[in-house]
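Everything below concerns the one structure shown next.
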Amino acid sequence: MSVNLRGVTVVLLPGTGSDDNYVHRAFSAALRDAGAVMVTPAPQPDRLVAGYRDALHDAARTGAIAVGGVSIGAAVATAWAVQHPEQTVAVLAALPAWSGAPDTAPAAMAARHSAQLLRGEGLDSATATMRASSPRWLADELARSWAAQWPSLPDAMEQAAGYVAPTRDELARLTVPMGVAAAVDDPVHPVEVARQWVAAAPRAALRTFTLDEMGADPAVLGAACVAALQACGFGA
């Protein structure tokens with residue numbers, strides 16, 4: 001049966017080192033058009049995962065919610081949806097980074113490396129190193145959010161790098177529709193992972209874009225997630 005987002009509270013969790021500012025810009029247009037009520041909790045870098053779970057629990061006190069996020073935010077939200085089927089109506093998973101244990105997943109390795117760099121060299125030097133190896137749009141985003149989460153930022157990165165995401169078996173138990181969005185040329189969040197998530201979940205669809213498209217307009221990310229949700233039988 002088709003369900004829609006009109007009037008539904010949608011809780012969206014940021015990616016590692018990112019923040020609620022970016023998530024709001026990425027998803028607000030698509031969710032406004034869908035009539036949803038968006039909630040974007042700020043990350044608590046000293047208790048990243050626990051803070052995200054608290055935000056989901058708090059939002060669900062007054063009724064069922066849609067959940068989602070970017071990268072680690074998508075993983076935490078999807079795991080919560082699997083564990084709380086009666087409190088969840090849909091999932092919006094942007095840039096899923098791995099399934100199960102992180103092991104050598106590129107996003108986990110990048111987070112661990114960044115945490116080591118931040119601890120060893122400090123914020124300014126680590127930010128300069130990050131800028132040298134990142135597209136300008138991403139470097140600008142991270143420079144802003146990293147500064148806001150300093151000095152607890154390395155803690156958040158290490159928490160994210162150790163997080164066990166939903167496995168394929170757990171995704172198979174997801175009872176609500178899931179819209180997944182991924183960039184076809186993202187080496188940190190491989191599109192193959194997104195495809196694995198969609199293949200494992202009973203009701204899921206994928207929409208893709210390029211990093212250049214996302215860099216030019218972050219709203220591409222939210223639009224892709226909502227379009228994917230519509231494609232798997234979730235009416236907006």
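Here are the numbers for this structure:
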{"item": "Gyration tensor (alpha-carbon) shape descriptor, region 20-70, a/c threshold 1.5", "result": "oblate"}
{"item": "Convex hull of Cα atoms in region 107-158, direction-averaged projection (nm²)", "result": "3.1 nm²"}
{"item": "Sequence-distant residues sharing a close amide H with A201 (under 5 Å, placed H)", "result": "none"}
{"item": "V39 long-range amide H proximity, modeled H, under 5 Å", "result": "V10, V11, L12"}
{"item": "Unit Cα scatterers, Debye sum, region 114-236: log10 I(q)/I(0) for q = 0.10, 0.17, 0.18 Å⁻¹", "result": "-0.41, -1.00, -1.05"}
{"item": "Highest-MSF residue in the chain out of A205, A75, A143 [GNM, Cα springs under 10 Å]", "result": "A143"}
{"item": "Loop-located trypsin sites (Lys or Arg not before Pro) in region 1-97, at most 12 other Cβ atoms within 10 Å (DSSP)", "result": "R6"}
{"item": "Principal axis dimensions, the chain - Cα atoms, whole angstrom, descending", "result": "53, 32, 29"}
{"item": "Relative contact order for the chain, counting Cα pairs under 8 Å that sit 6 or more residues apart, in percent", "result": "26 percent"}
{"item": "Net +/- balance of residues flanking V191 in space, Cβ distance below 14 Å, scoring K and R +1, D and E -1", "result": "-2"}
{"item": "Residue-count net charge about V39 - beta-carbon cut-off 10 Å; Lys, Arg +1, Asp, Glu -1", "result": "-2"}
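Every number here is computed from the coordinates shown, using simple stated rules; none is lab data. Everything numeric in this text was worked out from a predicted model, so none of it was measured. A quick note on method: Cβ atoms are made from the backbone with ideal geometry, for glycine too, and the neighbour counts reach across all protein chains shown.
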